[in-house]
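Structure record follows, encoded as structure tokens.
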Amino acid sequence: MNFAWLRAAGSEAELPSAFEAHQKACTLGSVQGCVAAATHTYHGLGTAAAPEQALATINTLCEKGSAEACQAARGYFASLRPLLVHAQIDESWTLPSKAKFNALELRPAYVVAPGRVGFCVRPDGGVDKVETLDSTGEPLVDQLLRESVSTWKFPRRPAVQSGAPLCSVHEQRLAFTFRPVSSRPLYTVWEQYMTTRGGLAILDTDPLLWR
């Protein structure tokens, strides 16, 4: 449950309907629906702004184990991401270059989880307050992700009633292939993708770099 269908509709006039849908999902037991509804309420998107009420809900969900709620408690709302997506994301939301990834000589044991980076969108569409929310397990990869997100541009900004900054989350996944080799191979990035949800880098062994 998220704002993706609103982005496809291309109209913020649909925000009240989205809020109602998230509320219904929450009532039916969806934690993600509850976090999304609280995101609406915190920012005043499709409903009256009530930041204190929203934060109380978010903190409760965080205490119950929702990672997305814990990110929101820190001020970064993953549910906002689809509202910030625009047609030029491949150009303005660039991922670290393959060369920078490859220079790290990554191995599967180094990267243990998806990396999540929090960021805020300035009024001019630039980015600030970039920080690692969830580490990949490799500090150098985390640094590359922060540096990359810091260069992003956001021409699309939904209007919020609360006046709160628009801060969201980028999720980056690194997928390693596994092959039966007798030596310790180096992994290189073969493909990278950016989606409305986040980034994906696929790494495979490079026989020319085996040691």
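The values are calculated or read from the model by the stated rules, or taken from the named source; none is laboratory data. In this text, all values refer to a predicted model and were calculated from it rather than measured experimentally. Using ideal geometry, Cβ is built from the backbone for each residue, glycine included, and neighbour counts are taken over all protein chains shown.
Regarding R81, is this residue within 18 Å of the chain's Cα centre (by Cα) and modelled with pLDDT of 90 or more? No: the conditions fail for R81.
Going through (1) crowded, with 17+ Cβ neighbours inside 10 Å; (2) out of contact with any Phe, Trp or Tyr (no Cβ under 7 Å at 6 or more places or on another chain) one by one, T39 falls short only on (2).
In the set (1) in contact (Cβ under 8 Å) with a residue 12 or more places away in the chain; (2) outside any loop (DSSP other than H, G, I, E, B); (3) crowded, with 18+ Cβ neighbours inside 10 Å, C26 fails one condition alone, (1).
Restricted to region 86-202, the set of strands (runs of 3 or more DSSP E) holding at least 3 residues that are over 26 Å from A38 (Cβ atoms) comprises 166-176, 187-194.
Conditions (1) at pLDDT 80 or above; (2) β-branched (V, I, T); (3) out of contact with any Leu (no Cβ under 8 Å at 6 or more places or on another chain); (4) not assigned by TED's automatic domain parsing to the domain that holds A37, marked per residue:
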position	(1), (2), (3), (4)
K100	yes, no, no, yes
V111	yes, yes, no, yes
F119	yes, no, yes, yes
V130	yes, yes, yes, yes
L140	yes, no, no, yes
V160	no, yes, no, yes
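You will find that of P51, P16, the residue that is closer than 16 Å to A164 by Cα and not assigned by TED's automatic domain parsing to the domain that holds Q161 is P51 and no other. The residues of region 42-69 that are of a type in the set (D, E) and crowded, with 18+ Cβ neighbours inside 10 Å amount to a single one, E68.
In this structure, is L80 closer than 17 Å to V160 by Cβ, out of contact with any Asp or Glu (no Cβ under 8 Å at 6 or more places or on another chain) and among the hydrophobic types (A, V, I, L, M, F, W, C)? Criteria met by L80.
Restricting attention to region 70-100, the residues that are of a type in the set (S, T, Y), surrounded by fewer than 22 Cβ atoms within 10 Å (Cβ to Cβ) and touching a residue at least 24 places away in the same chain (Cβ under 8 Å) add up to 2.
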